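The values are calculated or read from the model by the stated rules, or taken from the named source; none is laboratory data. Quick caveat, the model's predicted, so the values are computed rather than measured. Note that we place each Cβ from the backbone using ideal geometry, even for glycine, and neighbour counts take in every protein chain shown. Calculation scope for accessible area: heavy atoms of the full protein, side chains included, ligands and nucleic acids excluded. Shrake-Rupley method; radii C 1.70, N 1.55, O 1.52, S 1.80 Å.
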Amino acid sequence: VPDDLLLGLKFIFGPSAVPALDLVDQRSVTRVVSPSGRTAYQVLGSSGKLYTCYSSCHFCTCPAFGFTVLQKSESLLCKHILAVYLSQAMGACQELTVSEEQLTSILLAEEEEEG
């Protein structure tokens, strides 16, 4: 990423920019697609935990998103969602095709962890 673009990313997205680029460099973003076309993204966080992101509704299952974005409104997004957007733009997203049942299990596993 050229320096001028990196500065722009840091200006707009603040402290999330560099960690998000690190996630993209590590190829930590996977686009999960079912035969019906339903899509979610999974990002392997720097802590080793897998987070599910939905770019269509701008949501991530990580604690930072819940606290910094939703509760405190201190940021527009977390590093995981930014990594999804950057990996899409850079063509650096891994692709995984799963069955409808597998995608449902991925989505339900997140709900079970929260509840």
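Quick look at the numbers
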{"read-out": "Amide proton proximity set for residue 98, modelled H, under 5 Å, gap of 5+", "value": "33, 34"}
{"read-out": "Antiparallel %, DSSP beta bridges [both residues in region 3-107], to 5", "value": "75 percent"}
{"read-out": "Where labels lie 7 Å past Cα in the beta-carbon direction, separation of residue 46 and residue 58 in nm", "value": "2.4 nm"}
{"read-out": "Vicinal HN-Hα couplings computed from phi for region 35-52 (Karplus, 6.51 cos²θ - 1.76 cosθ + 1.60; Hz; Gly/Pro x)", "value": "x, 6, x, 5, 9, 9, 10, 10, 10, 7, x, 5, 7, x, 8, 8, 10, 9"}
{"read-out": "Area accessible to solvent at residue 95, 1.4 Å probe radius, in Å²", "value": "110 Å²"}
{"read-out": "The chain: C-alpha gyration tensor shape, a/c 1.5 cut-off, then a/b vs b/c", "value": "oblate"}
{"read-out": "Amide H contacts under 5 Å for residue 53, placed H, 5+ residues apart", "value": "41, 42, 43"}
